[in-house]
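One structure is given below, encoded as structure tokens.
Throughout, read-outs are computed from the coordinates displayed, never taken from laboratory work. On a predicted model such as this, the values are computed, not experimentally measured, just so you know. Here Cβ is always computed from backbone atoms with ideal geometry, including for glycine, and neighbour counts include all displayed protein chains.
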Amino acid sequence: MVSPIIEVRNLTAAYGDAVILENVSFDVRRGEVFVILGGSGCGKSTLMKHLIGLLSPARGKVLIDGGDIHTATRAEREVLLKKFGVMYQGGALFGSMTLEENVTLAMEEFTRLPPAARRLVARMKLALVGLERFSEHFPSEVSGGMQKRAAIARAMALDPAVLFLDEPSAGLDPVTSAGLDELILSLNKNLGVTFVIVSHELASIYAVADRVIMLDGKTKGIIAEGVPADLRDNCPDPFVRAFFYRRAPDAPSGGMP
Amino acid sequence: MEFNRKTGCLTLDETLEAAEVSRRWSLVGGGKSPREVNAAALRTCDGAGLAFLWSLRGPAGARLDGLRPEIAALLRPFDSLPECPAEPVEHDRSLLVHIGHATVQILADTRAQIEFIGEFTSTALACCAKPRLVRWTDMWLVAQRAGVDALVVAGMVSFLTGMIMAFQSAIPLRQFGVDIFVVNLVALALLRELGPIMTAVVLAGRSGSAFAAEIGTMKVNQEIDALVTMGIDPMRFLVVPRVLAGFLVTPVLTIYSNALGVGGGFLVMMGLGFPFMALWNQLVSAVAMSDVMTGIIKSLVFGVLVAGVGCLRGLQTGAGASAVGVSTTRAVVSSIFLIVTVDAVFAAIFYAIQW
Ligand SMILES: Nc1ncnc2c1ncn2[C@@H]1O[C@H](COP(=O)(O)OP(=O)(O)OP(=O)(O)O)[C@@H](O)[C@H]1O
Ligand SMILES: [Mg+2]
């Protein structure tokens, strides 16, 4: 049994006195596609920021590959940071750089690849998300969905072992979104990349997720954990089933597919 | 990885990653590139490794033997990737082209300024007719930040300038035995020229830049678009309160700096042994009402200019975080340039009408 790549233990997440999540524990296994679900504002992005070390836990701890990013020394931290790539909910591309430069930046800093090689790698990453023709464009010159895809390409620049994607398919058309799912599966299968994805898109959750957890704003914790199709059919919690059947939680049950 | 130069055969190891690729990249770019690649051992391969394989296979035209299907699958999405265009070269253009571009730029900028002035004037007139349209609370807030908060720096600059001028002029004038005329020199120079200019420059550095950064950030975040689609005119909502605040605050700030500047001069003269009343009488006899008014009229114009240019540069902001920095710089530079230019025009006018 291989050790999990991310371990979350009794994590309490809070902004000042406002507690968002309380006493949350779960594991992400190596090489799986792990999806975080939940209603808007329930703390998915907050949880992700704790996983990647942007916010420190009020209580509890988060271990990535056995290392705690919050107590790590500077050198350890750098090693840990190179293990994952992040795509932020808003894209967060650097506006004064072209898409290609956005992708090459990390390579420039952390590898000794010659410029021609960096550019080719960047264009290949952009090609993976269907943007090879836009490598010379600035983020403000491409659409919102394209910015999202470019942000995914940037997150993949250093071939991290874990990719965190905050709502990757929001704002994409169904076809591109399906292409993205395929990309996730292909990277997952062929390169063994672990994915931690925040998503609402039911279709893509069914397509890619090995396991999901569902957060709840009211109980400030995990209300369900498991395989999506299984949760849909067998979860006792009405809110969870409502989520999977896309209906308001207090709507009368039955009559759905 | 091992490259046999004679047979042109490259044998890959189990892994192909960035560190190794960086060392061996010359194989795909240089003249002597492999003709045959033995990839049977290759098991793991990162993005850089894929780029290496792709370049070997594509541009270098090598045959890949024994590539595992997993890795072939990773390479498949790039089958139709066009080759990298050559590094974009900065071709230098002739001087004539540069001059042409610069001229077009200046003309476009002038046009934008004239449009801005026109639009502002019409909005301001509408606001005059209906004062309710002005956002007074915003105006007071801006006036406080641009005015009250600037008291210390504007005061310091003027006070010290007054002292410096008194010190510098006391010695040459004493040689002629007319050192009481230091008062005339300090007072006239400050009231007519230096007071308004220094205040306007301080305002440009403190507030013009702030306006540009504030409005520029709103522009970058599409907040200006949001205002427009809500039916709120950014000119009325953002520009009018700021320009009005500049118009009201600058003269007051100028009078205050003038007073402190003359005070600085007085302090030096008293230190040199002149009684206060002698200095005061000299001041009253030297300064006419027209001198005071000249400075105040100028400062009104400067206030409008600095606030207006700050807002204009903010609204002209392009995309991205660095664009805000560019606008801020442009706001300060254009303001200082305009202050000096307009001051020169004033000097000519006042000379012509003998004020
Ligand atoms: N910087 C912050 N300071 C204080 N509270 C915050 C901050 N950021 C988020 N919150 C609060 O934390 C809660 C969770 O926010 P979060 O961004 O994690 O939601 P989310 O689950 O990602 O929602 P969405 O699906 O809409 O992106 C919200 O109630 C929000 O008000
Ligand atoms: Mg979120």
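Considering Cα pairs under 8 angstrom that are at least six residues apart, work out the relative contact order of chain B and quote it in whole percent. Value for chain B: 18 percent. Approximating the spin labels as points 7 Å out from Cα along Cα→Cβ, the B:Ser94-to-A:Arg9 distance works out to 7.4 nm. The P(r) of the range A:1-137 has a tail past 19 Å containing 61 percent of all C-alpha pairs.
Annotation: the residues B:Asp225, B:Asp343, sorted from fewest to most other C-beta atoms within 10 Å of their own C-beta, follow the order B:Asp225, B:Asp343.
DSSP bridge analysis restricted to the protein assembly as shown gives an antiparallel fraction near 45%, rounded to the nearest 5.
As a check on your grasp of the helix formula, calculate [θ] at 222 nm for chain A: sum -39500 (n - 2.57) over DSSP H runs of n ≥ 4, divide by the residue count, round to the nearest 500.
On the way: 9 runs with 89 residues, N = 257.
Using -39500 (n - 2.57) per qualifying helix, the result is -10000 deg cm²/dmol.
The alpha carbons of the range B:1-122 give a radius of gyration and a Dmax of 25.3, 81 Å, in that order.
Seen against the Cα atoms of chain A and their longest principal axis, helix A:144-155 is set at about 70 degrees. Legend: ranking of residues B:Phe337, A:Phe134, B:Phe211 from fewest to most surrounding C-beta atoms inside 10 Å; resulting order B:Phe337, A:Phe134, B:Phe211.
Place a +1 charge on the Cβ of each Lys and Arg in the protein assembly as shown and a -1 charge on the Cβ of each Asp and Glu, then give the dipole magnitude about the Cα centre in debye, rounded to the nearest 20.
Numbers: 54 positive and 57 negative charges, 94 e Å.
Value, rounded to 20: 460 debye.
Extents of chain B, taken as max minus min of Cα coordinates on every principal axis and listed largest first, are 103, 57, 41 Å. For the range B:189-205, backbone phi angles converted through the Karplus equation (6.51, -1.76, 1.60; θ = phi - 60°) give residue-by-residue couplings of 4, 5, 5, 7, 10, 5, x, x, 5, 5, 4, 5, 5, 4, 4, 5, x Hz, Gly and Pro being listed as x.
Roughly what % antiparallel, to the nearest 5, for the DSSP beta bridges in chain A?
Values: 20 of 38 bridges.
Looking only at bridges with both residues in chain A, the antiparallel portion is about 55 percent.
When the Kirkwood hydrodynamic radius is evaluated over all pairs of different C-alpha atoms of the range B:9-80, what value in angstrom, to one decimal, is obtained?
Hydrodynamic radius (Kirkwood, Cα only) of the range B:9-80 equals 12.0 Å.
Taking label points 7 Å from Cα along the Cα-to-Cβ direction, B:Met293 and A:Asp173 give a separation of 6.9 nm.
Assigning unit charges at the beta carbon (Lys, Arg +1; Asp, Glu -1) and nothing else, what dipole magnitude in debye, to the nearest 20, does the range A:96-159 show about its Cα centre? If you can, show how the numbers build up before the last one.
Numbers: 9 positive and 8 negative charges, 35 e Å.
The calculated dipole for the range A:96-159 is roughly 160 debye.
If eta is 0.890 mPa s and T is 25 °C, what Stokes-Einstein diffusion coefficient results for the range B:271-315, Kirkwood Rh from Cα pairs, in µm²/s? Please report the intermediate quantities before stating the final value.
Details: Rh = 13.5 Å.
Estimated via Stokes-Einstein, D reaches 182 µm²/s.
When +1 charges are put on Lys and Arg Cβ atoms and -1 charges on Asp and Glu Cβ atoms, the dipole computed for chain B relative to its Cα centre reaches about 280 debye.
If you take all other residues with their beta carbon under 14 Å from the beta carbon of A:Ala155, and give Lys and Arg +1 and Asp and Glu -1, the sum is +3. As a proxy for reagent exposure, ranking B:Ser26, B:Ser169 by other Cβ atoms within 10 Å from fewest up yields B:Ser26, B:Ser169. Partner shielding of A:118-129 amounts to 6, given as the average count of beta-carbon atoms from other chains within 10 Å of each residue beta-carbon. Cα centroids of the range A:37-78 and the range A:191-205: 18 Å apart. Once both labels are positioned 7 Å from their Cα atoms along Cα-to-Cβ, the gap between B:Arg63 and B:Ser285 label points is 10.9 nm. One compactness figure for the protein assembly as shown is 1.34, namely its Cα radius of gyration divided by 2.2 N^0.38 Å. FRET efficiency for the A:Lys189 to A:Glu136 pair, using the beta carbon distance and R₀ = 45 Å, is estimated at 0.90. Its DSSP H runs of at least 4 residues, each contributing -39,500 (n - 2.57), put the calculated 222 nm mean residue ellipticity of chain B at -22000 deg cm²/dmol, to the nearest 500. Placing unit charges on the Cβ atoms of the charged side chains and taking the dipole of chain A about its Cα centre, the candidate lying farthest along the positive direction among A:Ala151, A:Ile69, A:Thr111 is A:Thr111. Of the candidates B:Leu27, B:Leu151, B:Leu248, which one comes out as most mobile in a Gaussian network treatment of chain B with C-alpha springs shorter than 10 Å? Largest GNM mean-square fluctuation: B:Leu27.
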